[in-house]
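Report on the following structure.
The values are calculated or read from the model by the stated rules, or taken from the named source; none is laboratory data. Bear in mind that the values here come from a model prediction, so they are computed numbers and not experimental data. As a convention, Cβ positions derive from the backbone with ideal geometry for all residues, glycine included, and neighbour counts pool all protein chains shown. Heavy atoms of the whole protein, side chains included, go into the accessibility calculation; ligands, DNA and RNA do not. Shrake-Rupley method; radii C 1.70, N 1.55, O 1.52, S 1.80 Å.
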Amino acid sequence: MAAEVLAAGGAAVAIHDHMAAPARKFLLAGRGGLNLTHSEPLESFLERYGEAKGFLEPAIRAFPPAALIAWANGLGIETFVGSSGRVFPKQMKASPLLRAWLRRLDGLGVKLQTRSRWQGFDGRLTILAMGGASWPHLGSDAQWVPVLQAAGITVNPFKPANSRFLVKWSKVFRERFAGTPLKNVALTYAGHRVRGEAMISQEGIEGGAIYALSKGMREMPGHPLHVDLRPDLTAEALALRLARPRGKDTQSNYLRKVAGLTPVAISLLRETGNAMDAAGIKAVAVPILRPAGIARAISSAGGIARDEVDANFQLRKFPGVYAVGEMLDWEAPTGGYLLQACFSTAVAAARALLAGR
Ligand SMILES: Cc1cc2nc3c(=O)[nH]c(=O)nc-3n(C[C@H](O)[C@H](O)[C@H](O)COP(=O)(O)OP(=O)(O)OC[C@H]3O[C@@H](n4cnc5c(N)ncnc54)[C@H](O)[C@@H]3O)c2cc1C
């Protein structure tokens, strides 16, 4: 994105990527539909960046979600707003967008140099966009960290963000339910409650609602995760339903009929030893071990300390060198907030670089 803004502004630009092909993680994000950004009002959108809001706000206001959508449309990619307010390309993948984008860059004279690793400052005007530390085999392997640290730049340790959490499931539960979603649930961790969906996986639990809580789960370990399997019913309404006689039904059939629970929900109650009553169904305590490793997290927290860059993401110690995207220390939930901040910081740095030439 920075290359496009620079080239459109008349600069001669080369992109160096150490992988054999560019944008591998962007393509992976496309497997989940490529959630480009979110349609909520800008004021609440900005809140999603938590304590990094002030750091990112000017860049996001200068290149907001509407500008990102217009940019995608300009590449011939139509977008739509999903039921959750998230914005996706109609094709629900990244490859057509990437193809059109690379054609545009080529047309602007941008040189793409693959298998070319950045190894240190060389005096050229540079925008670094080398990513965070998740999915390292797709390119963002954080090998730049020691280089920047050797140059006296503070890089806060990378930690998994929007990650799975490990739970020691029984073999029977794991084999039967790995890959099964718990739909329309509410999760509470250390007083924070979110509505959404979670997914049972081989090693634990993942999905949008888990990612939304993952910062607190990572920073404040040791609390149980409570799953409300029927968030639309009060405990009293549920208790009334459960007062109906069971008759000849098995317990599972009974819970399915009177409480509307799915097989995975009923088995989760059993697996965790929670009571099969209204209180149990409204707050299934799931023992969380720890976040799964960073290698499979959606994104990473940590990165170049915020006070190492100026308002346009220029490294204070290396004027003429900027750092954008996930390299910088901010985090956000899934919902399009990650790509939006990467695009917006890239545009801000490129515009500043052009203005300062
Ligand atoms: C499974 C998955 C799904 C996701 N889905 C979404 C989604 O739907 N919506 C969303 O907003 N976000 C999503 N994300 C997050 C999003 O993809 C990232 O936040 C975003 O790609 C980060 O962009 P970036 O440009 O900072 O870094 P990256 O996309 O990681 O790109 C960094 C590039 O730098 C290159 N590089 C690294 N080191 C060097 C070096 N030393 N020299 C040269 N090149 C180097 C890498 O090869 C890579 O091409 C998803 C992430 C994952 C893993």
Inter-probe distance in nm under a simple model that places probes 7 Å from Cα toward Cβ, at H226 and L166: 2.7
Region 311-357 - Rg over Rh from alpha carbon coordinates, Kirkwood radius: 1.02
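Where does the charge balance sit around L46 when Lys and Arg score +1, Asp and Glu -1, over other residues with C-beta under 9 Å from its C-beta?
Working: positive: R48, K53, R61; negative: E43, E47, E57.
Taking every Cβ under 9 Å from that of L46, the sum is 0.
At 0.36 nm per residue, and after removing the present C-alpha to C-alpha distance, how many nm does the segment from D277 to E43 gain when stretched out fully? Before the final figure, lay out the partial values.
Numbers: separation 234, 0.36 × 234 = 84.24 nm, distance 4.08 nm.
Full extension of this stretch gives 80.2 nm more.
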Placed amide H near T37: partners under 5 Å, 5+ positions off or other chain: V87
Cα-based equivalent ellipsoid of the chain: semi-axis lengths in Å, sorted from largest, via gyration tensor: 44, 21, 18
Where a label projected 7 Å from the Cα of R270 along Cα→Cβ would reach, residues of region 160-180 with amide N under 11 Å: 172-173
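Set the bar at 28 Å for Cα to Cα. Now go through K93/K257; K183/K257; K168/K248 and name every pair that lies beyond it. Working shown, then result.
On the way: K93/K257 39 Å; K183/K257 17 Å; K168/K248 33 Å.
Beyond 28 Å: K93/K257; K168/K248.
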Paramagnetic reach from R124 (point 7 Å along Cα→Cβ, amide N under 18 Å) across region 303-325: 315, 318-324
Simple spin-label estimate for S95 and L75 in nanometres, 7 Å along Cα-Cβ: 1.5
Anisotropy class of region 32-171 from Cα gyration tensor, a/c 1.5 cut: rounded
W144 accessible area, assembled protein chains, probe 1.4 Å, Å²: 10
If the convex hull is drawn through the Cα atoms of region 240-302, its volume per residue in Å³: 123
Alpha-carbon centroid distance for the pair region 78-129 / region 276-334, whole angstrom: 21
Region 256-357 - convex hull of the alpha-carbon atoms, volume per residue in Å³: 152
Interchain or long-range residues, amide H under 5 Å from L225's placed H: V286, I288
